[in-house]
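I have placed the structure first, in the form of structure tokens, so that the comments after it can refer back to it.
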2 protein chains.
Amino acid sequence: MPRIAYVNGRYVPHVAASVHIEDRGFQFADGVYEVVTVIAGTLMDEEGHLARLTRSLKELSIPWPVKPRTLRMIMREVVRRNRSANALLYIQITRGPAPRDFKFPAEPTPTLVITCRRTSFQPASALEKGVAVITLPDIRWQRRDIKSISLLPQALGKQQAVQAGAFEGWQVDPDGFVTEGCSSNAWIVTKQGMLVTRPASHAILNGITRQTILACATQEGIAFEERAFTVAEALDAAEALMTSAGTIALPVTRIDGQPIGDGRPGPLAKRVREMYLAHGGVADPVRAGGV
Amino acid sequence: MPRIAYVNGRYVPHVAASVHIEDRGFQFADGVYEVVTVIAGTLMDEEGHLARLTRSLKELSIPWPVKPRTLRMIMREVVRRNRSANALLYIQITRGPAPRDFKFPAEPTPTLVITCRRTSFQPASALEKGVAVITLPDIRWQRRDIKSISLLPQALGKQQAVQAGAFEGWQVDPDGFVTEGCSSNAWIVTKQGMLVTRPASHAILNGITRQTILACATQEGIAFEERAFTVAEALDAAEALMTSAGTIALPVTRIDGQPIGDGRPGPLAKRVREMYLAHGGVADPVRAGGV
């Protein structure tokens, strides 16, 4: 069965799915996106992702290409056509094609692209041993709260991390505080057992998985604090973890080559992941899949 | 005669020219570009543009899609097929299509797109009356020296300028110094007749037109200084101007609504433009075209 993508009103074979060379997404990074994790057929945090998409479009004055309720239908149809129980559903909206000019076209025809890729998520080793991160300067623009496709610095950072043998790069602001990972939010657990993550602002992307975890923590009475933390504090923490739609929550056991805590995944990282999945009403796809 | 674009080895009707939805240029802004002005069939500053393209690709570790000498041939062929005496030749290279992942693909197949658009350049009024700019905070990333397609902040800035009735937005760093325009370099002429523009660094894109003008100024004995200037100094300057491949050099006669000098184009702005065009061996396309 060929993989199917949705592009501007049509369901097409993924391999043949294309956009015009003057799409502003291709020439100006003038677009936004969301990644929705599908676990056992459930679209995780769908409301949160659509709310953020709405906000991103508004911040950039990009019109909706279809009505939100139509988008929801298309999302489901793409999952269905790809017969994907466990998958990453990718939604991208750009300001669409227009003769090349920095200023916005007067009457934009926004582009909507939706793809779906089956996934077995991280290997179980990422949960059992945790992952390594490196720290690197945050060189991004000042509106990181908008989930735009202007992702070149994040791609460069991730590549730097991978080349250093790490799974993720934690970006650090000029004052030495961690902002977030290249494609995830960053967390620590203090020696007092306090879960800590940076508050939402223009400095970070307010992760949907992050928001759900904070809501769950409130519900379950887990102590947390939204504040910035330094690299030094992270190195000295009891635990560290990262969250994103695609990875859910993974223990971070090494930062810049140094072990965090005893160098093994800690109890709160595990609990955060379980809590998130239980809230979504699904089993852990990594363990369940027996990867 | 239909407009023709070049995409990855093929000359195709512009209207049908496309790239894959998982091209990294579309999903990650992972690519670079150049705009070469064609005046009366001459590719202006071709060497400079190719040198900067080489540098941009190297900084991002994007391999050449074709050999540089082949690129030169294709550039000419695109101009020829579009029968464009006066045109903007646009060259974009991305890391190419790959299954979506922040890190670089192991074996990239870079994408090469070249388009050509006939132009009559700015209306003569821009030369006769000058253009207006507004100032706005520079919110871009920290590697503005790379001519990447990660242009969302510049597009937002230009749109803001246009909505304010201006032609360009001059971006200002946190210390109050002008970095550059959204798609041009910024210059002033002091009351002592000194031409001033910000030195090349990671804070600005080192314009090819800018470089040629500085070389011409040296040759012709025009006093210039490469240093940052504040908005206050610009408002108090004798003249202001902007340069880019597409606009060549235009007098800036209003900044944030305030007239510069006597509010009319000054002599040095005019001389800079004439000097640049004479150096390229071409007549002014705006005046020559009788627009």
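The values are calculated or read from the model by the stated rules, or taken from the named source; none is laboratory data. A quick note: this is a predicted structure, and the numbers were derived from the prediction, not measured. Don't worry about glycine lacking a Cβ; one is built from the backbone with ideal geometry, like all the others, and counts go over all protein chains shown. Heavy atoms of the whole protein, side chains included, go into the accessibility calculation; ligands, DNA and RNA do not. Shrake-Rupley method; radii C 1.70, N 1.55, O 1.52, S 1.80 Å.
Counting heavy atoms of the protein chains alone, B:LYS270 has an accessible area of about 120 Å² for a 1.4 Å probe. The distance linking the range A:22-62 with the range A:167-192 is 23 Å (Cα centroid to Cα centroid, whole angstrom).
Per-residue accessible area (protein heavy atoms, 1.4 Å probe) orders B:THR179, B:THR54, A:THR109 as A:THR109, B:THR54, B:THR179, starting from the largest. Placing a label point 7 Å from Cα along the Cα-to-Cβ direction at B:ARG227 gives distances to the equivalent points in the other copies of 4.4 nm, listed shortest first. For B:THR119 and A:LEU235, a Förster radius of 51 Å and the Cβ-Cβ distance give a FRET efficiency of 0.40, rounded to the nearest 0.05. Per-residue ellipticity at 222 nm, computed for chain B from helices alone with -39500 (n - 2.57) per DSSP H run of at least four residues, works out to -8500 deg cm²/dmol.
Rolling a 1.4 Å probe over the protein heavy atoms gives the range B:124-288 an accessible area of 38 Å² per residue.
Its alpha carbons give the range B:1-53 an Rg and a Dmax of 13.9, 38 Å. Take the Cα of A:GLU47, go 7 Å toward its beta carbon, and the backbone nitrogen atoms of the range A:187-214 under 13 Å from that spot belong to A:212. Accessible surface buried at the B:A interface totals approximately 4500 Å², computed with a 1.4 Å probe on protein heavy atoms. Measuring only protein heavy atoms, the 1.4 Å probe finds B:SER184 accessible over about 10 Å².
Between identical copies, the spacing of B:GLN142 label points, each set 7 Å from Cα toward the C-beta atom, reads 1.6 nm from nearest to farthest. Carbon-plus-sulfur fraction of the accessible area of the range A:4-118, 1.4 Å probe, in percent? The value for the range A:4-118 is 54 percent carbon and sulfur by accessible area. Relative intensity of the protein assembly as shown on a log10 scale, I(q)/I(0) at q = 0.05, 0.07, 0.13 Å⁻¹, equals -0.23, -0.45, -1.32, per a Debye sum over C-alpha point scatterers of equal strength in the absence of solvent. For peptide A:77-89, the mean count of partner chain Cβ atoms within 10 Å of a residue's Cβ comes to 0. For the segment A:9-18, counting C-beta atoms of other chains within 10 Å of every residue's C-beta and taking the mean gives 3. The angle between the Cα long axis of helix B:68-81 and the main principal axis of chain B comes to about 80°, on a 0 to 90 degree scale. The listed residues A:ARG80, B:ARG117, B:ARG76, once ranked by accessible area (1.4 Å probe) with the largest placed first, stand as A:ARG80, B:ARG76, B:ARG117. Between A:GLU128 and A:HIS279, the simple label model (points 7 Å from Cα in the Cβ direction) yields a spacing of 2.8 nm. Among the listed pairs A:LYS103/B:LYS147; B:LYS147/B:LYS270; A:LYS147/B:LYS103; B:LYS58/B:LYS147, those whose Cα-Cα separation exceeds 20 Å are B:LYS147/B:LYS270.
In this simple spin-label model, placing a label point 7 Å from the Cα along the Cα-to-Cβ direction at both B:ASP175 and A:ARG69 gives a separation of 5.6 nm. Mean projected area of the Cα convex hull of the range B:4-118, taken over all directions, amounts to 6.7 nm². Stretching the chain fully between B:LYS270 and B:GLU225 yields a gain of 14.4 nm (0.36 nm per residue, less the alpha carbon separation).
Remark: C-alpha extents of the range B:124-288 on the principal axes read 36, 31, 31 Å, sorted largest to smallest. In this label model, B:ALA16 and A:LYS58 are separated by 4.3 nm, measuring between points 7 Å along each Cα→Cβ vector.
Mean partner shielding of peptide B:130-141, defined as the number of other chain Cβ atoms within 10 Å of each residue Cβ, is 2.
Heavy-atom accessible area with a 1.4 Å probe sorts B:ARG95, A:ARG144, largest first, into A:ARG144, B:ARG95. Computed over every Cα-Cα pair of the range B:62-196 and binned at 10 Å starting from 0, the pair-distance distribution P(r) comes out as 10, 26, 31, 26, 7, 1 percent. Every Cα-Cα pair in chain B was counted, and those over 28 Å apart are 39% of them.
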